[in-house]
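The values are calculated or read from the model by the stated rules, or taken from the named source; none is laboratory data. For clarity, every value in this text was computed on a predicted model and none was experimentally measured. Don't worry about glycine lacking a Cβ; one is built from the backbone with ideal geometry, like all the others, and counts go over all protein chains shown.
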Amino acid sequence: MYCSNCGLNINQEKIQKALKNDSKNASNIKYLAKSLISIKKFAVNEKLIEIKVTNKDAYKEEKVKLNASLKEEISLIKEKLNANDLEYFKKELSVKESRTLNTQDYFVCPRCGKLVRTNLDENDIKSLARAGHSEIHRGRNNISTGMCALMIGIILAVIGFMFFALSFKATNGGVLDTTCVEFYVFICLLVIGIALIVYAIINIIYGKNKTRSYELLLRNINNGAFHQ
Ligand SMILES: [Zn+2]
């Protein structure tokens, strides 16, 4: 199942976990407040991603504006939390207490906190398609971050091996001297280089999988073959 708000692909196990969490916390005002705050934050982030793509010049200005209004909204939520206004949160999140584990029709998304539903209407599908585009965007960011890290990692490792070559001292009869500074530099560079390369590979694989699966999702939506 996909969250139509953030596009998160939620497997059965996560759904069960989210449902359990939800029913346990249906009257937990702190949980509801946290949920509501994460929805607001997520909405602002989404908007910023969109602005960054469509209108780069206004980005900084919009960011300040959106963050200011977010701050206001969060302080309102905190006020309501301090006033113990449970009804406010229930209304905002449309939470019903009568829900059980068998009602899989909706539950709170573990990532953005919005309600995930089975029956998506046209607007939900549109929103899911938008979220899918953002996810592809994120996946591509992962890939480019990975590529950068890979390059830097390889360069550091190569420089490291140069220092390794320098550790064979002529003064030591051309034998490896493991106590010299060059050798320690080699070890440091190698460790950082390998860490970067591992980080890069994880990012690239993650990004590639993400873009592939969301491209498929968008294709299905466009073909009308998508159902939740
Ligand atoms: Zn979500």
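On the basis of being crowded, with 17+ Cβ neighbours inside 10 Å and small (Gly, Ala, Ser), does Ser35 make the cut?
So Ser35 passes the test.
Within the set of pairs 6+ apart or on separate chains, which have a first residue in segment 113-128 that is hydrophobic (A, V, I, L, M, F, W, C), a second that is part of a strand (DSSP E or B) and more than 10 Å from the ligand (Cβ to nearest atom), and C-beta atoms under 8 Å apart?
Pairs that qualify, where the first residue is hydrophobic (A, V, I, L, M, F, W, C) and the partner is part of a strand (DSSP E or B) and more than 10 Å from the ligand (Cβ to nearest atom), are Leu115/Tyr106; Leu115/Phe107; Val116/Tyr106; Val116/Phe107.
Do we find that Lys41 is in a helix (DSSP H, G or I), among the charged types (D, E, K, R) and more than 14 Å from the ligand (Cβ to nearest atom) in this structure?
Against the criterion (in a helix (DSSP H, G or I), among the charged types (D, E, K, R) and more than 14 Å from the ligand (Cβ to nearest atom)), Lys41 does not qualify.
Among the residues of segment 1-42, write down those that are without any contact (Cβ under 8 Å) to a residue 24 or more places away in the chain and within 17 Å of the chain's Cα centre (by Cα).
Residue satisfying the conditions is Asn11 alone.
Quick grid of which residues meet (1) basic (Lys, Arg); (2) within 16 Å of the ligand (Cβ to nearest atom):
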| residue | (1), (2) |
| --- | --- |
| Cys109 | no, yes |
| Lys114 | yes, yes |
| Gly132 | no, yes |
| Met147 | no, no |
| Val175 | no, no |
| Thr178 | no, no |
| Leu189 | no, no |
| Ile197 | no, no |
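Give the residues of segment 78-125 that are modelled with pLDDT of 80 or more, under 24 Å from the mean Cα position of the chain (by Cα) and assigned to a helix (DSSP H, G or I), sorted by residue number.
Asn123, Asp124, Ile125
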